[in-house]
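A quick write-up on the structure given underneath.
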Amino acid sequence: MHGGVHARPGALPRIPFLPGAAPGPSSPVGRPGLGAALRRSKTESHLRFGPPAAGDLGKRPHREKLRVAVLVSKPTLQSEHGVSLQSGHSVLEGAKAAGFQISADELASIVESRDCEKLAVHGQLDGIADKLATSLTDGINTAEYSLNQRQDIYGVNKFTESEARSLWEFVWEALQDTTLIILIACALISSVVGIATEGWPKGAYDGIGIFTSILLVVSVTATSNYQQSLQFRDLDKEKRKIFVQVTRNSLRQRMLIDDLLPGDVVHLAVGDQVPADGLFISGYSVLVNESSLTGESEPVVINEDNPFLLSGTKVLDGSCKMLVTAVGMRTQWGKLMAAITESGDDETPLQVKLNKVANIIGNIGLCFALLTFVVLSQGLVAQKYLDGLLLSWSGDDVLEILQHFSVAVTIIVVAVPEGLPLAVTLSLAFAMKKMMKDKALVRQLAACETMGSATIICSDKTGTLTTNRMSVVKACVCGNTIEVNSPRAPSIFSSELPEAALEILLESIFNNTAGEVVISQDGRRQILGTPTEVALLDFALLMGGGFKEKRQETKVVKVEPFNSTKKRMSIILELPGGGYRAHCKGASEVVLAACDKFIDARGSIVALNNTTTNKLNGIIETFSKEALRTLCLAYREMDDGFSIDEPIPLRGYTCIGIVGIKDPVRPGVRQSVATCRSAGIEVRMITGDNINTAKAIARECGILTEDGIAIEGAEFREKNHKELIELIPKMQVLARSSPLDKHTLVKHLRTTFNEVVAVTGDGTNDAPALREADIGLAMGIAGTEVMT
């Protein structure tokens, strides 16, 4: 699994609104004008490529013109100034011949300009689907000829790559080092003076030695950087290997984003990056972060009134289906990428310090060299002045002056440490090579340097310390506990459950899920979704449930997706006989606290008293102490007067059962933690899991010691500054934490305790902490995406 290593980036600049950036009345979200285009271009460039290097400031005006040229595009100007809909757009003859009724540019401009009027002219969503020869439910035809035609007319979902830099460019870049420039000057002067005073070849030895050292430094630096650039080009290709769920020919399947075409129906969920420009088809509670394009941190609600989804934005909440309308270089993100040339890398802190040291040493050496030359030469000059022969110089006099100059040059050469750049370059190149062997690529060389001085590692649990391959190993339903130690155990367990309890359990698992059970092209059953969803669905299927049949019995009318803040997912079902039923699942203690009833061993619904509550909490604690992630499932019959416009209730549920999901610890974690501790590096676990589960995993990994403290996020948030100062040095586990809790802990460690903090993470919930840390270790492709 590839990952990325990053130093903490600079803060985003605050970019004010410019004239023309205010939303207009014609669209629910407004139309971007020239000011908005300018603002988007600056913000997006900063997010994609990071802050500009110090030496790159001179290139800004040129790049800004390019960005503005791209973003103030024809569709934007049409929207802003009311240019005719068909101006510059016509249905291509080739598109007509292939059975399509809309050109690629016209299609792309609808989403790019967020033009509701243009969308209405084309017949809204259904009209666009007809013109694209696709179905909003079944997707596009997968016949090879049809796909090739669509690809030829609308393009592929790939960005034009910049040309790879040659080795000679890296050689030239290496020669710009201040220390090397001083050494080159010294080598030239030493060679000239040496040959003049001592002849060839004896006089050239010192100069040749310095030139050899320079050649070694440049060779190692250029070769290392060149190989690093090739590795990152490979990483960029690997990063594009992101799978999304797509419906084609009525089959829902996982597909690379590079294979997407206009007309595809894409399924998006929380944490997904929108892979192409498109239109909202249907979904629930969709919030999108468009800050990478607009600079605005406020999430944008996506619905039928505002159906425009832009490539490169992130889904913060909800789930939806999207109709792809533009791909690759025709998306707004693609057009911007075409105009921006990536800026050079920032100088690392060590390089800055070395250059400063080289300048100081060079200046001091130059002063002493001049002083030595003056002191040695003043006797000869003074004597000539007294003799009145100041303008008369013999060959011996010139040779004596050259000898004095040679001594001065020797002082400068000795003062500048020509071995230092070579030693530093070799050590960094060795570190980079060693990390690459471990499949860890260094995005910023500063991180490689900073890692050597890290004092604390804050690690996520799921997917970082554990394998993120989950399965249900224990379950408690109707007071009966089962251990799933064989594939037949769930079916035996289901036969022992009351029929009503089994039906409501299967209804909860199959409907209250962001996962999907599909039949792949080879006819095999496949479960799509997060590891937790896959584990639950697999458990329900082993109990004999039918996913498709159960979904067809009721209709999902409202969904509140799971996120790391609510720690629960809820849905409303419309029942065949009328009325509504709510289902809820999530963190066991959170969902159980919302229940006032439970299903007993006979399948009857009874009140949840203190004795039963304590028993269920004891089961949760037992599961957690066995290092199991626990989830509680519950449901509620809604009152007759309930409207789907009302919020889903938070209380009054009936507990269906509790499941324990095993997520095994990665091999070698305990040894790695012990190695870190012996090196003086403290390891802490930050997780969203139950505190007992977190403790069990932390003990298994060797993180939690006898004198260490484990605390929940809710308690951590209530601590004042003085209490945090006393707590943080002893705290080893932070459980049930929110993304903000992780960020707060990392910030306190860095600022209050002056620690050098490394944070590991593999998902969107780790993003704030990863960015706050001195070193962000992004695990896998998903984690790397968070850092970019």
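The values are calculated or read from the model by the stated rules, or taken from the named source; none is laboratory data. A quick note: this is a predicted structure, and the numbers were derived from the prediction, not measured. For neighbour counting, all protein chains shown are included, and Cβ atoms are generated from backbone atoms with ideal geometry for every residue, glycine included. In case anyone asks, the SASA skips ligands and DNA or RNA and just uses the protein heavy atoms, side chains included. Shrake-Rupley method; radii C 1.70, N 1.55, O 1.52, S 1.80 Å.
The phi torsions of segment 462-468, fed into the Karplus equation with coefficients 6.51, -1.76 and 1.60 and a -60° offset, translate into couplings of 5, x, 10, 7, 10, 7, 6 Hz, rounded to whole numbers, with Gly and Pro shown as x. Computed from label points 7 Å out along Cα-Cβ, the spacing between E198 and S495 is 9.7 nm. Summarising the amide proton neighbourhood of E712: residues at separation of 5 or more, or on other chains, whose placed amide H is nearer than 5 Å comprise A735.
Taking Cα centre as origin and charging only the Cβ of basic (Lys, Arg, +1) and acidic (Asp, Glu, -1) residues, the dipole magnitude of segment 118-260 rounds to 460 debye. Among the listed pairs K118/K558; K131/K158; K314/K550; K558/K585, which have their C-alpha atoms separated by more than 20 angstrom in this model? Pairs exceeding the cut-off: K118/K558; K131/K158; K314/K550. Across the accessible surface of segment 659-753, with the other protein chains kept in place and a 1.4 Å probe, carbon and sulfur atoms take up 52 percent.
In order along segment 364-374, phi translates into HN-Hα couplings of 5, x, 5, 4, 5, 5, 4, 4, 4, 4, 5 Hz, rounded to whole numbers, per the Karplus curve 6.51 cos²θ - 1.76 cosθ + 1.60 with θ = phi - 60° and x for Gly and Pro.
If we count every other residue with Cβ under 12 angstrom of T513's Cβ, Lys/Arg +1 and Asp/Glu -1, where does the sum land?
Working: positive: K550, R551, K585; negative: E507, E516, E533, D538.
Net charge in that neighbourhood comes out at -1.
Stretching the chain fully between R677 and D396 yields a gain of 94.3 nm (0.36 nm per residue, less the alpha carbon separation).
Could you give the size of the charge dipole of segment 572-626 about its Cα centre, using +1 on the Cβ of each K and R and -1 on the Cβ of each D and E, expressed in debye and rounded to the nearest 20? Intermediate values should be presented prior to the final figure.
Details: 6 positive and 6 negative charges, 23 e Å.
In debye, rounded to 20, segment 572-626 gives about 120.
Applying 1/(1 + (r/R0)^6) with r as the Cβ-Cβ distance of V357 and I725 and R0 = 51 angstrom yields a FRET efficiency of 0.90. Annotation: amide H-H contacts under 5 Å for V756 (H modelled 1.01 Å from N, sequence separation of 5 or more, or interchain): T455, I456. Net length available on complete extension from D305 to Q101 is 71.0 nm, with 0.36 nm assigned per residue and the Cα-Cα distance removed.
Give me the extension gain from Q124 to D258: residue separation times 0.36 nm, minus the current Cα-Cα distance, reported in nm with one decimal. Extending this stretch completely gives an extra 45.6 nm.
Label positions at N141 and V665, each projected 7 Å from the Cα along the C-beta direction, are separated by 5.7 nm.
Assuming R0 = 41 Å, what is the FRET efficiency of D600 and I709, from their Cβ-Cβ distance, to the nearest 0.05? Each step should come with its number before you reach the end.
Details: r = 39 Å, r/R0 = 0.94.
For R0 = 41 Å, the calculated efficiency reads 0.60.
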